[in-house]
1. Go through the range 479-502 and give me each residue that's among the β-branched types (Val, Ile, Thr) and under 21 Å from the mean Cα position of the chain (by Cα).
2. Looking at Tyr384, is it of a type in the set (Phe, Trp, Tyr) and in contact with a Phe, Trp or Tyr (Cβ under 9 Å, 6 or more places away or on another chain)?
3. Ser15 fails exactly one of the following numbered conditions: (1) on the phi > 0 side of the Ramachandran plot; (2) at pLDDT 90 or above. What is the number of that condition?
4. Given the criteria out of contact with any helix residue (DSSP H, G or I) (no Cβ under 8 Å at 6 or more places or on another chain) and part of a strand (DSSP E or B), does Leu463 qualify?
5. Do any strands (runs of 3 or more DSSP E) entirely within the range 287-345 hold 2 or more residues that are without any contact (Cβ under 8 Å) to a residue 12 or more places away in the chain and within 30 Å of Gln195 (Cβ to Cβ), and if so, which?
6. Only residues that are small (Gly, Ala, Ser) and closer than 21 Å to Glu378 by Cβ: list them for the range 292-349, please.
7. Without any contact (Cβ under 8 Å) to a residue 60 or more places away in the chain, assigned to a strand (DSSP E or B) and of a type outside the set (Gly, Ala, Ser): is that true of Phe99 in this structure?
8. May I ask you to list the residues in the range 38-75 that are assigned to a helix (DSSP H, G or I) and in contact with a helix residue (DSSP H, G or I) (Cβ under 6 Å, 6 or more places away or on another chain)?
Amino acid sequence: MAFRLICFLCLSISSTALLGQNSQDVLRYSLLDISGSARVQALGGAFNALGGDVSSLGLNPAASAVLLSSTSSFGFGLNTQNNTQSYFGTKINNQDHHFGLIHAGGVIVTENTVTSSPWRKFSLGFNVNRQNNMTEDFFSSGQSSNTLGLFFQEQAQGIPLSDLQLYPGETISSAYSYLGETQGTRAQNAFLGYQGYLIDPVSDDATNTSYVPTLEASNVQHEVAAYNHGDMRKYSLNFSAQYGQNLFLGINFNSHDLKFRSQSQVRELALNNSSRSLYFENNLGVIGEGLSIQLGGIFAWRKHWRISATYDTPTWWNIAEESTQYLQTTRRVNGENVVTTLNPDVVNIYDTYQMKTPGKIATGLAYIFDKSGLISLEYGQKNYSKAALGPKTYDYYTEVNEDIKREFRNAQFVKIGGEYRWNVWRLRGGFWHEESPLVNDKNTGPYSGKSIGIGYTYRSLALDMSYISTQRNANQTLFVPQNQIQRQEVNNLLMCSLSLSL
């Protein structure tokens, strides 16, 4: 239609598309790793009531006030992922290795020269912690009775046939771009499915809105490859103070950074028709910036006890996404294989959207055994059902937020760690467990892990090493709800940190 051509010419400069985010995007950016220095992680992250470590101010802003002198710290780590994917009984094990900066920061400690003031000490700190490592490559394969044509059928239902057809003078790129601008990702998927001969209309009437897969229910072979790269980091500007002998208070102003790129490749081969196959590729790029605030306090009770409490506000994000798609299908026509390639060569640049990821509350309790060691405990809650997408003026986001309230829940977590001190050496260990963020924990299970570590101190220098192992079970949907990839995610981190007191 001429109208579609005119719209394409007007919009081709920006190539922006409509909404495509869902509750799974919120979940991806709400799940955080144990963060901090090798010492913090060796204690299972149970540092809420301790302080005295630069990176721990990211857990409790009052931690920097516990430091006796100005200190700087940084650490690197080697991630080893050993994940197992099971798809309809076929298991594949994937291993991957990544090296990078885990944390870095420093704190300036200033004694109050006004001796009559109850405020004895002030601290100014800055710290960066990696909160979520999203870099991962994985592969899976297996046989299913659910063709991906069911996905394209579901996407097309309710869309008039006239929107999925090409008109004189139109190209795949122009029609694909127009649908993205006017109807969004769902219409683009439907268009690819129809033009790729994966779905047929129930009737040839232009007003038809019902579709069926061109491949009847049968066994198909699926091969899946996913390449994910990126992380989330938190940059904290910290202010803290010591009041009297026993009370430490602090506040963080946090800036969050998100960078993520993903490519998924799916191949499907009909086992009862070797000429029927498809290759579907999706690419996603995400850049986000967020803000949050943390409040915290530590109270030294008597000689050996430490009691703490923290509140982390939700993180308010502005996120920009872009995506591309590619589809190639093969079918049999008059005894010959016909290949259809759909490469729109259009970058879908989505409207910048807002996201709120959940905050948390936590309390800590620690006991200090003079100079021989310590034991620390932390308990907290993180209400994932409070997450949300926006702007709320969009009806689409209202529907997604209702899904979040229904599917997500308030998750409790507990961390415990201990340290034994012998001369200049430190031996450490820890454990943590967090409940599933979902009501149906089969889709994303609990997050648990254990850790060990060793430290060496010489005057103002401290060298720490830790090894942590985490595990989470999760299901990943391969376009069709019945196609579930069962994943056992095991992540091991070998880490080294160095700190220097000035």
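The values are calculated or read from the model by the stated rules, or taken from the named source; none is laboratory data. Everything numeric here is computed off the predicted structure, so don't read it as measured data. Note: ideal-geometry Cβ built from the backbone for every residue, glycine included; neighbour counts use all protein chains shown.
1. Ile485, Val490
2. yes
3. Result: Ser15 fails condition (2) only.
4. yes
5. Ranges flagged: 336-342.
6. Ser292, Gly296, Gly297, Ala300, Ser308, Ala309
7. Against the criterion (without any contact (Cβ under 8 Å) to a residue 60 or more places away in the chain, assigned to a strand (DSSP E or B) and of a type outside the set (Gly, Ala, Ser)), Phe99 qualifies.
8. Val40, Ser55, Ser56, Leu57, Ala63, Ser64
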